1. For region 53-205, count all C-alpha to C-alpha pairs, find those more than 22 Å apart, and express that count as a whole percent of the total.
2. Over the chain, what is the percentage of antiparallel beta bridges among all DSSP beta bridges, to the nearest 5?
3. With labels modelled as points extended 7 Å from the Cα through the Cβ direction, what inter-label distance (nm, one decimal) is found for residue 184 paired with residue 83?
4. Which value in nm describes the separation of the simple spin-label points at residue 132 and residue 41, placed 7 Å from the Cα toward the beta carbon?
5. What's the exposure ranking of 122, 218, going from fewest to most Cβ atoms within 10 Å?
6. Calculate how steeply helix 78-90 sits against the longest principal axis of the alpha-carbon atoms of the chain, using the helix alpha-carbon long axis, and give the answer as 0 to 90 degrees to the nearest 10.
7. On a 0 to 90 degree scale, rounded to 10, what angle separates helix 258-268 from the longest Cα axis of the chain?
8. Within region 65-136, what percent of beta bridges assigned by DSSP are antiparallel, to the nearest 5?
């Protein structure tokens with residue numbers, strides 16, 4: 001992508017502002033709050049773009065002729081699916097934000113159940129037209145950019161928008177949480193305290209938030225490049241976790257990410273090494 005996103009091009013005398021939409025599917029709203037948490041920076045941004053639809057912030061406009069659309073949440077109902085398919089046709093660039101939109105999120109845990117847990121969550125689940133599975137947006141429509149995180153950060157949002165408005169894709173984060181711990185001079189919680197941690201297989205982006213408070217990483221920002229999940233699972237076993245606990249470590253926030261799903265499934269029915 002090399003051309004400017006500004007409609008009419010940079011040479012236009014008075015080009016209209018790029019039209020932005022922020023949409024919600026099945027989610028907790030945390031990634032939308034990352035937008036709102038920008039505060040004054042969001043106000044500055046609003047002078048550069050036209051936010052035509054962002055229900056949580058107020059504007060509810062027509063989802064047509066969009067330059068950039070941000071989507072939070074997983075596809076869980078047929079209504080979700082129909083909206084995403086329609087918005088994809090109306091958006092020049094479609095960006096998914098957060099674990100739910102990029103890998104199904106917590107909602108996708110129902111994909112792992114053989115029963116029908118929805119009846120335990122809703123008094124009248126039959127009135128909701130659920131899809132058979134909760135899935136990431138990219139499973140149904142082409143996505144131009146995925147921002148991982150649970151939730152994403154305001155800095156991710158701002159960096160992405162600035163890059164897209166300049167006609168470029170933002171740089172891709174490739175470092176693992178472990179490297180972030182080293183940058184912050186944090187002692188490894190797994191080495192020093194025996195705390196199970198997904199940091200060795202997870203992308204950074206959170207600033208190593210959990211290890212900074214002596215907690216193991218939960219994998220919020222999704223799998224890193226070349227994740228050695230099998231080796232890490234064996235290390236968890238050495239720390240005393242039983243197979244079911246190891247499976248739950250991988251089958252949590254980003255359970256639909258293939259590498260986490262595969263490793264978790266290997267340990268669900270017992271140790272794959274027995």
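1. On the way: 6191 of 11628 pairs.
Of all Cα-Cα distances in region 53-205, 53 percent exceed 22 Å.
2. Here the share of antiparallel DSSP bridges comes out near 25 percent.
3. 3.4 nm
4. 4.3 nm
5. Working: 122 12, 218 18.
Ascending Cβ contact count within 10 Å gives the list 122, 218.
6. Once rounded, the angle reads 50 degrees.
7. 30 degrees
8. Numbers: 2 of 8 bridges.
Roughly 25 percent of the beta bridges in region 65-136 run antiparallel, per DSSP.
Computed from the coordinates by the stated procedures, all read-outs in this text should not be read as laboratory data. No experiment lies behind these values; they were computed from the predicted model shown. Here Cβ is always computed from backbone atoms with ideal geometry, including for glycine, and neighbour counts include all displayed protein chains.
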